[in-house]
1. Might you report the magnitude of the Cβ-based charge dipole of segment 302-368 about its Cα centre, with Lys and Arg at +1 and Asp and Glu at -1, to the nearest 20 debye?
2. Report the local net charge at Thr219: Lys and Arg +1, Asp and Glu -1, summed over other residues whose C-beta lies under 10 Å from its C-beta.
3. Please compute the Kirkwood hydrodynamic radius over segment 26-77, one decimal place, Å, based on all pairs of different Cα atoms.
4. Can you tell me the FRET efficiency between His730 and Ala152 if r is taken as the Cβ-Cβ distance and R0 is 51 Å, rounded to the nearest 0.05?
5. Provide the gained length on full extension for the span Gln757 to Tyr453, in nm with one decimal, where the gain is 0.36 nm per separating residue minus the Cα-Cα distance.
6. Quickly rank 12-20, 346-354 as a protection proxy: mean count of other C-beta atoms within 10 Å, highest first.
7. Does segment 114-221 come out rounded, prolate or oblate, given a ≥ b ≥ c as the square roots of the eigenvalues of its C-alpha gyration tensor, rounded meaning a/c under 1.5 and, failing that, prolate meaning a/b above b/c?
8. Take Leu80 and Lys711, extend 7 Å from each Cα along the Cα→Cβ direction, and tell me the distance between the two endpoints in nm.
Amino acid sequence: MNTKSIETLGFDAILRAMQGHCRSREAETFLANLGFLDDRALLLERQSIVGECAALLANGVSYPTFPAIDEAMASLYDPLSAPDGSLLVSLGLYIESARHLWEALHTVIDGTKSERAASLMGPLFDLALIDLERSIERDLDEAGQVRTSHPALVNLYRQIEEKRSRRTQFCRSFIREHSHLVQADQEALRDGRLVIPIRREAHAQVAGFVSSHSGSGSTLFMEPFALVEMNNAVVMAQNQILIEVAKILASLASQARSVLPALENLREQVGQSDGYVAIARWVANSGSHAANLESDRVRLIEARHPLLGAKAVPITLVLDDGVRAVVFSGPNAGGKTVSIKTVGLFGLINQFCGYMPAKEASSLPLFDQVYCDIGDEQSIDDELSTFSGHMKQIASILGQATARSLILFDELGSGTDPVEGSAIAQAILEYAHTKALLTLVTSHHSLLKQYAYAKKEIINASMAFDEQSLEPTFTIVVGLSGESHGLDMARSMGLPKKVIAQAEQLLGGEQLKLSAIIKDLEGRRVALEERDRRLERRRLSLQAEVKAVQLKELRLNQQLLQLKQGQVTSLERFVREQRRSLEELVADLRRQGVAKTETDRVKEAIAVLTDRIEEEELQLKALEKAVESAQGPKSPAQHFEVGMSVLCGQAKREGTILKKLGKGRYQVAIDAMKMTLKASDLSAAVPSTKVHVSYQSSAEQPKLVLDVRGKTLQEALEALSRQIESSLVHGIDRFSIIHGYGDGVLSRGIADYLKDQRAVKDYRFALPEDGGMGKTYVML
């Protein structure tokens, strides 16, 4: 794209805002070199990647910031240089952040992986880089120092401590035994060596070397010969440690050099991936939506200039197919220039990422170039006036524009004689609209407005103006030219009435008549817009009322269904209880023979059952019609024959049809009972395969309190594993572990074990009154 247009329209500020969301320097470089696309297929692919990254961010995925590794990489490439520990640590942290980024891009959302976003870093993370990261983390601390626990240094550090201890013991013993010779009762450390402060007059009595003296000269710091050997031993041990540290760093550097190609590939992947995620962050922060890339129509709905922040007034611009140029007119400071700059900037943003800070379904054509002549082109160095500067810029634009270009001209034809300026502006517009895909012009020239009315491919657009407050509304009115409202502004600023009247007289009746016509049209437009707004509010109100009625109807249907289901359940419960009573009576009859009292009891139970069934059936019939609408269309009627196996009622109890009773009613035998049921209460029995599942467990009975005090960590974990298994088997969802305080080995080990158990829902220390940190609650 044209560099001047990028700067004039403010896209460089948009790019800096996107780079501000980057978490790596590589991503900043990637965005700076990303460029614009005018190929629809490629732009759709880029839009999809940004969309998937935005979806991942919306689901909470994140990753750490990447440290700068330029210096570390340069050191690795230099065979005569060796990276220090801090540079190697930055490499390890970079690889760690890259792993988190890889995991973020491969996050599965609702069972689906973001394929395009995941492909930015490949299907697998390089194992050699993971090995390097682990080696660096194992050998170096956060400050880049080799860990004192490194196997190669443990013995050396122990030896140096022993030598230092013997050296210190010698010094203290010497001072204690030669107290009459020493100046102080404490040894001193000079240049890494222990020395003994000796009085100057007594130094001849000490066999050793003088290493230094005090400022006054009264004290000499000496090393007896025995201490010299001890100091040398300490220095040699320290040097041995430095040698081993250098070997460790060299080994890590060698390992890093062996994976330099993989590191360079990782930096490229990080730059690309983090760059797209940064664009997605900017999209979310700016309220942008995906553009409709399938459309070549100019359609911007509530577009907000992203650089104006809260001051941005949303504009809407929709052009019909075939429109090649638009002349924007209206009062000064009414938003003409901002509007055409918004279109140009949105064209750049759209072709950079496929998103725009506008409502969904907004679209723009794909331009091969965006040219603009906006602002003051005066140049003292080139001896150009404002008008000359504009003409030079416009000549360059007209010479470079193609059939796929967007051209923006601000205040076309201004800066010279109005008559000549109007003629030049009209000629430029005539030439530009036949050469470029779209030309947007702002102007106050009436001749240019009239020319736009005469051309089918050129339309007028005005910036709406509130004549009562004399302030612009920043609304674009397509198809209507705008008034500059110069006389109205002059009148509001207190210009003498005679001056206003003289200006109107000089302006001419025809011009005033045209202005009146335009004002009348503007008034009618405002009235129509207000009418549309009232109709829209009424439509939304009616829509809300319809939804409320539908919701109320749905709730009633749900209540009726629940009531019917409750009645059926109650009836089934009653039948089940009466059936049990009848079975007990039949059993008594069979054992003891039939007696009149027993027969009366059976008849009484049957009568109660029959009355209850009839009562429930009457209630269900009353509900049936009200529920039919909520149940939808009925399924086709089923045909039942005598002897056929059927499923009865909501409980789906299996029975056999004994006889047809007519009117859709059947006598059905269910176990030892005979019942009369409607066809709607029956369904054909489907043979099913019974599956028998048995489970056996040798798990012991779980304990509510597991005491592992006195056990080793391994024994405690084995007991805890058995406890979890037996608790799950026996349905216990919580228990506690007494591990005591001690040195914390059991407490930490048990916490680490519980953290990795999928069956463990939560765990925490007990309340202070229940054991505190010596006891842990476990919830399964």
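The values are calculated or read from the model by the stated rules, or taken from the named source; none is laboratory data. Treat the numbers as computed from the prediction; the structure is a model and nothing was measured. Don't worry about glycine lacking a Cβ; one is built from the backbone with ideal geometry, like all the others, and counts go over all protein chains shown. Heads up: the accessible areas ignore ligands, DNA and RNA and are worked out on the full protein's heavy atoms, side chains in. Shrake-Rupley method; radii C 1.70, N 1.55, O 1.52, S 1.80 Å.
1. 320
2. Once all neighbours under 10 Å are counted, the net charge is +2.
3. One decimal place: 14.0 Å for the Kirkwood radius.
4. According to the calculation, E is roughly 0.45.
5. Working: separation 304, 0.36 × 304 = 109.44 nm, distance 7.69 nm.
Length gained, Gln757 through Tyr453: 101.7 nm.
6. Packing proxy ranking, top to bottom: 346-354, 12-20.
7. prolate
8. The modelled label-to-label distance comes out at 6.4 nm.
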